[in-house]
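Enquirer: Before we start, here is the structure in question, set down as structure tokens.
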Amino acid sequence: MRATALALGLFFVPLVSDAIDAITNASLVPAGIGTLNFVSPAQGQPAELTKSQSDALNKYNNTVSEFRSILGQRRAQIIAHQQLPNLPGQALYLARNAMMSAYKDLTDALASKIGRPNKFGIPPAYFDVGNEPLIDEYTALFKIMQAPPANAQNSDTPFDDVVRLGTDIARAKGLDAANADAAGRISLGLFFAETNGNQNIGNARSNTYKGSLQTGVPEDRNGVKKWAAIKRSIAAFDPALIVRDDKEEARLGNLDPRFNHWIAVRNGLMNAHAELFPRIPAIVKALPKPIDQMKLFELIQIIPSPTRSALNSGDLANYRISDPTIMGYLRNNSMFTYGQVDRARTSATFREVLDAMWLFNEKFERALSTFKEIKARQKG
């Protein structure tokens, strides 16, 4: 079972150059960002706060300062070309979570302080729009820290590859054209969820998971075995795909297969997701929204056994998770993570879990848009 959170810490901002030298003149994060003091616009005097409200405000301001500090520290290390600590993204991730948790506690104490919508689509009760620059910097640092290795084998068509592999695997599993298309769409959603749509990346929070679908070595090897069993079936209806596959295998050499985009996606899909592709017709019926379907398959990546149990229950939406370990895995992947109220939850239905995956929404929306563009090109 996968217990680590996703590689990018589940944020999603425009692409930033991988080259460290390109940012040596970048300014560090401004000191004033994100601090709240709640001065009354009408009176020009600080609003009267209860002790619990004041404590929540002070805690939030402290977490903003701590987050800003670790961002500045990591940026300075990169500029100086210093060796980064093991798992250099973990401290940033925890500081970000602490800031968001403290803000949720603050807005629970002072609901009137829930602010404007933010560009990330995070519910405003969990995130102060004034901190957008901090998250921009957070994402920029992650992109540098988990850039692909120099010898990674990229694809010129990374999105098309994911869709094509997912679709053909589904066809080999017996799905009709419409449901195979759904498998391709879901596969692309997984790619965006795991890597923000960036191929062959490392992982700044884990030494185990790498590549375009963020798999470990055992998962990758399991995918190889399962691909060997299905390859002949695919050759019967799409020999061109097998020609491409053979070329990628020859290209691989001694490289870790997780750093060849095609092979990493192929093995990642075969490892855990392909066996559930035959259930896509029932999943689509139970969850008609494409983004909910993507979320369900992402949960196969995070909590595989409970997700299968929910699918087998006959009542997917109302299947309840109450195991503390499983709830911990969900929290480690940004569900029920932020604030005392959310963290106090001891159980959740699958519908509640899907709704709590709001940090994935923007990624899945981009995946859906990209999928539509691919299908339009194919028709054109």
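Enquirer: I'm trying to understand the selection: among the residues of the range 102-117, which are open to solvent by less than 20 Å² (accessible area, probe 1.4 Å) and of a type in the set (S, T, N, Q)?
Expert: Result: THR107, single match.
Enquirer: Moving on to the next point. Quick check: anything in the range 113-124 in a helix (DSSP H, G or I) and modelled with pLDDT under 95? First the steps, then the outcome.
Expert: Here is the first cut: in the range 113-124, the ones in a helix (DSSP H, G or I) are 113.
Imposing the further condition that a residue be modelled with pLDDT under 95 reduces the set to 113.
Scanning the range 113-124 turns up at least one residue that is in a helix (DSSP H, G or I) and modelled with pLDDT under 95.
Enquirer: Take ARG251 and tell me if it is open to solvent by 80 Å² or more (accessible area, probe 1.4 Å) and within 25 Å of the chain's Cα centre (by Cα). Even if it seems obvious, please write down each step before you answer.
Expert: Numbers: open to solvent by 80 Å² or more (accessible area, probe 1.4 Å): yes; within 25 Å of the chain's Cα centre (by Cα): no.
No, not satisfied.
Enquirer: Regarding the range 144-154, can at least one residue be identified that is open to solvent by 20 Å² or more (accessible area, probe 1.4 Å) and part of a helix (DSSP H, G or I)?
Expert: yes
Enquirer: If you check SER347 against the conditions, is it surrounded by fewer than 19 Cβ atoms within 10 Å (Cβ to Cβ) and within 18 Å of the chain's Cα centre (by Cα)?
Expert: Considered against the rule, which asks whether it is surrounded by fewer than 19 Cβ atoms within 10 Å (Cβ to Cβ) and within 18 Å of the chain's Cα centre (by Cα), SER347 comes out as no.
Enquirer: Kindly provide the set of residues from the range 310-328 that are closer than 23 Å to ALA344 by Cα and not acidic (Asp, Glu), ordered by number.
Expert: Looking only at the range 310-328, we keep the residues that are closer than 23 Å to ALA344 by Cα, and these are 310, 317-328.
Residues satisfying the conditions are ALA310, ALA317, ASN318, TYR319, ARG320, ILE321, SER322, PRO324, THR325, ILE326, MET327, GLY328.
Enquirer: Of all residues in the range 68-105, which are farther than 18 Å from THR139 by Cβ, part of a loop (DSSP other than H, G, I, E, B) and not polar (S, T, N, Q)?
Expert: Answer for the range 68-105, where residues must be farther than 18 Å from THR139 by Cβ, part of a loop (DSSP other than H, G, I, E, B) and not polar (S, T, N, Q): ALA80, HIS81, PRO85.
Enquirer: Also: Tell me the residue from GLN90, GLN73 that is within 26 Å of ARG331 (Cβ to Cβ), open to solvent by 20 Å² or more (accessible area, probe 1.4 Å) and touching a residue at least 60 places away in the same chain (Cβ under 8 Å), please.
Expert: GLN90
Enquirer: While we're here: Just one of the numbered conditions (1) under 21 Å from the mean Cα position of the chain (by Cα); (2) at pLDDT 60 or above is not true of PHE12; which one?
Expert: Just one mismatch for PHE12, condition (2).
Enquirer: Yes or no: VAL129 buried (at least 20 other Cβ atoms within 10 Å of the Cβ) and hydrophobic (A, V, I, L, M, F, W, C)?
Expert: No; evaluated as a whole, the condition is false for this residue.
Enquirer: If you don't mind, there's one more thing I want to ask. Does ASN179 qualify as being touching a Lys or Arg at 6+ places or on another chain (Cβ under 7 Å) and buried (at least 16 other Cβ atoms within 10 Å of the Cβ)?
Expert: Taking the combined requirement at face value, the residue does not satisfy it.
Enquirer: Here's another thing I want to ask about it. Can you tell me which residues in the range 155-179 are closer than 30 Å to ALA286 by Cβ, of a type in the set (Val, Ile, Thr) and either more than 17 Å from the chain's Cα centre (by Cα) or outside any helix (DSSP H, G or I) (or both)?
Expert: Selection gives VAL163, THR167, ILE169.
Enquirer: Here are some conditions: (1) open to solvent by 50 Å² or more (accessible area, probe 1.4 Å); (2) in contact (Cβ under 8 Å) with a residue 24 or more places away in the chain. LEU299 meets all but one. Which one does it not meet?
Expert: (1)
Enquirer: Now for a separate question. What do you reckon, is GLY189 under 30 Å from GLN90 (Cβ atoms) and either open to solvent by 70 Å² or more (accessible area, probe 1.4 Å) or in a helix (DSSP H, G or I) (or both)?
Expert: yes
A quick yes/no check of all residues on (1) within 21 Å of ALA152 (Cα to Cα); (2) modelled with pLDDT under 95:
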| site | (1), (2) |
| --- | --- |
| VAL224 | yes, no |
| ALA229 | no, no |
| ASP238 | no, no |
| ARG258 | yes, no |
| ASN267 | yes, no |
| LEU287 | no, no |
| LYS295 | no, no |
| GLN301 | no, yes |
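Enquirer: Counting residues that are closer than 30 Å to ILE230 by Cα and charged (D, E, K, R), which helices (runs of 4 or more DSSP H) fully inside the range 277-369 reach at least 1? Working first, answer last.
Expert: Working: elements: 280-286, 290-302, 304-312, 324-331, 340-343, 350-356.
Output list reads 280-286, 290-302, 304-312.
Enquirer: Select, from ALA272, ALA240, ALA250, the only residue that is closer than 17 Å to ARG164 by Cα and among the hydrophobic types (A, V, I, L, M, F, W, C).
Expert: Working: ALA272 fails: closer than 17 Å to ARG164 by Cα; ALA250 fails: closer than 17 Å to ARG164 by Cα.
That would be ALA240, the only listed residue that is closer than 17 Å to ARG164 by Cα and among the hydrophobic types (A, V, I, L, M, F, W, C).
Enquirer: List every residue pair whose Cβ atoms lie under 7 Å apart, where the two residues are 6 or more positions apart in sequence or sit on different chains, the first residue falls within the range 224-240 and is over 15 Å from LEU175 (Cβ atoms) and open to solvent by less than 60 Å² (accessible area, probe 1.4 Å), and the second residue, located anywhere, is assigned to a helix (DSSP H, G or I) and of a type in the set (Ser, Thr, Tyr).
Expert: Pairs found: none.
Enquirer: Is it the case that some residue within the range 93-102 is among the polar types (S, T, N, Q) and more than 18 Å from the chain's Cα centre (by Cα)? Give the derivation first.
Expert: Quick first cut of the range 93-102, residues among the polar types (S, T, N, Q) only: 97, 101.
Those left that are additionally more than 18 Å from the chain's Cα centre (by Cα): 101.
Yes.
Enquirer: How many residues are over 18 Å from LEU175 (Cα atoms) and surrounded by fewer than 18 Cβ atoms within 10 Å (Cβ to Cβ) if we restrict to the range 263-290?
Expert: 1
The values are calculated or read from the model by the stated rules, or taken from the named source; none is laboratory data. Values in this document were obtained by computation on a predicted structure and should not be read as measured data. Every residue, glycine as well, gets a Cβ built from its backbone with ideal geometry; the counts of neighbours run over all protein chains shown. Calculation scope for accessible area: heavy atoms of the full protein, side chains included, ligands and nucleic acids excluded. Shrake-Rupley method; radii C 1.70, N 1.55, O 1.52, S 1.80 Å.
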